Each structure stands twice: as C-alpha cells, then as structure tokens.
Amino acid sequence: LRVALFRRVTYSVDVSIPEGRKLMGGTIEARVAGKYLAGGNVARGKWGWFWTRRETWYQPPGEALAGYSFGDVQKGWAEDLGSDSGALGGDGTVVAAQKLADGEKGRVYFYELVATIEDIDRQAISRSAGGLVFSSECLLGARLTAGPRSDDSLYFVKKGTPFTLRIVSVDPDGTHLA
C-alpha cells in the first residue's frame with residue numbers, strides 16, 4: 001500500500017441529540033456541528049446525513065426487574081428512514097430532524113443518525129449518534145417461576161410441571177405502573 005498524500009485532520013464533527021425519553025409520534029432532532037481545531041466554524045462546507053432505525057432489545061433499569069423478559073426482536077436489520085444534504089451556513093451547524101412514526105406497538109427502536117461534514121478542502125469527517133425510541137409509555141414484562149413463593153426463574157417447563165407466570169407493568173425507567 002502506498003500513500004501518496006496524507007493530511008492531518010483540521011476540524012472535528014460533533015453530533016448531539018438532546019437527552020430525554022422519546023416516543024413514537026414525536027420527532028427526534030440532532031445538531032451537527034463542524035469546528036476547526038484551531039478555532040472557528042466550518043463555514044461554507046458541505047453536509048449530508050441519513051437516519052436509520054432497527055428494533056432493539058430493552059431491559060428497564062433495576063435489580064428487581066432483572067429476571068423479567070420485556071419482549072424480543074422480530075426484525076434485527078436496519079431500516080433506512082431518510083437523508084438530506086446541503087451547504088453549511090456561517091455557524092457551521094445543521095439540524096437533522098426525523099419523525100418518529102410507523103413503529104409497531106410494544107417495540108423499542110434504536111434510531112441512529114450518521115452525519116458527514118466536508119470542508120472547502122474536500123476533507124470529509126463522519127460521526128454518528130443515536131437513541132432509544134419507545135412505542136409506548138408502558139412496558140410489560142413476564143417471568144416464569146417454579147411457584148408463587150419462588151424467586152428462581154424457569155426458562156423451560158416440562159409438560160405437567162406446575163409453574164407461576166408473573167407479569168409486571170413498568171415505564172421505560174423501570175417505575176411500576178398501577
């Protein structure tokens with residue numbers, strides 16, 4: 001392999017998505033910014049971005065919920081949702097927005113943005129960021145145990161063997177719902 005020309009990176013790209021719970025029906029926005037390492041914004045550069053999503057497994061936080069199952073992943077592949085491109089303004093930023101729609105009820109999705117900024121010297125840098133999106137405020141968890149007083153989880157049950165099915169309803173943060 002022969003490298004004819006190598007240039008050091010002269011700027012950085014940052015992608016930030018605001019914190020907080022995101023639900024289907026809303027919008028997710030990411031701010032993409034290019035800044036020169038020596039100071040200043042990457043003005044007059046080009047930008048491009050694309051959003052994808054995929055179903056993902058989710059376990060609410062909390063030791064008490066560790067033995068519960070909160071669904072499975074039906075589709076493990078990424079779906080392309082949208083893309084856009086353009087020229088940066090003087091502030092070196094662009095906002096990439098994506099509607100959160102068409103999710104199957106009871107599913108949790110991971111939305112990911114991949115953004116690229118190219119400076120006037122045609123050096124391109126890409127960065128990604130993502131976050132969880134819930135199709136509901138309520139998650140149902142199930143757990144099989146050997147009996148009503150048992151804390152031992154069962155993963156397989158033989159025919160004729162009694163078992164107890166425990167169900168829990170929580171929000172995405174693990175808070176029990178009535």
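The values are calculated or read from the model by the stated rules, or taken from the named source; none is laboratory data. The structure displayed is predicted, hence computed values, not measured ones. Neighbour counts run over all protein chains shown; Cβ positions are idealised from the backbone, glycine included. In case anyone asks, the SASA skips ligands and DNA or RNA and just uses the protein heavy atoms, side chains included. Shrake-Rupley method; radii C 1.70, N 1.55, O 1.52, S 1.80 Å.
Restricting attention to region 50-72 and to residues that are part of a strand (DSSP E or B) and either modelled with pLDDT under 95 or open to solvent by 30 Å² or more (accessible area, probe 1.4 Å) (or both), the residue that is farthest from Ser136 (Cα to Cα) turns out to be Phe50.
When you go through Gly131, Gly89, Gly103 one by one, which is the residue that is exposed (fewer than 15 other Cβ atoms within 10 Å of the Cβ) and either out of contact with any His (no Cβ under 6 Å at 6 or more places or on another chain) or touching a residue at least 24 places away in the same chain (Cβ under 8 Å) (or both)? That would be Gly89, the only listed residue that is exposed (fewer than 15 other Cβ atoms within 10 Å of the Cβ) and either out of contact with any His (no Cβ under 6 Å at 6 or more places or on another chain) or touching a residue at least 24 places away in the same chain (Cβ under 8 Å) (or both). Restricting region 154-168 to residues that are at pLDDT 90 or above and under 14 Å from Ala66 (Cα atoms), the residue that is surrounded by the fewest Cβ atoms within 10 Å (Cβ to Cβ) is Ile167.
For region 147-178, a residue qualifies if it is among the polar types (S, T, N, Q) and out of contact with any Lys or Arg (no Cβ under 7 Å at 6 or more places or on another chain), and the qualifying residues are Ser150, Thr161, Thr164, Ser169, Thr175. When region 134-153 is filtered for residues that are charged (D, E, K, R), open to solvent by 40 Å² or more (accessible area, probe 1.4 Å) and touching a strand residue (DSSP E or B) at 6+ places or on another chain (Cβ under 8 Å), the ones remaining, listed by number, are Glu137, Asp151, Asp152. Looking across region 1-49, the residues that are open to solvent by less than 40 Å² (accessible area, probe 1.4 Å), assigned to a loop (DSSP other than H, G, I, E, B) and either within 14 Å of Ala124 (Cβ to Cβ) or among the polar types (S, T, N, Q) (or both) come down to Val42, Gly45. Out of Gly130, Gly86, Gly141, one residue alone is at pLDDT 90 or above, assigned to a strand (DSSP E or B) and within 16 Å of the chain's Cα centre (by Cα). It is Gly130.
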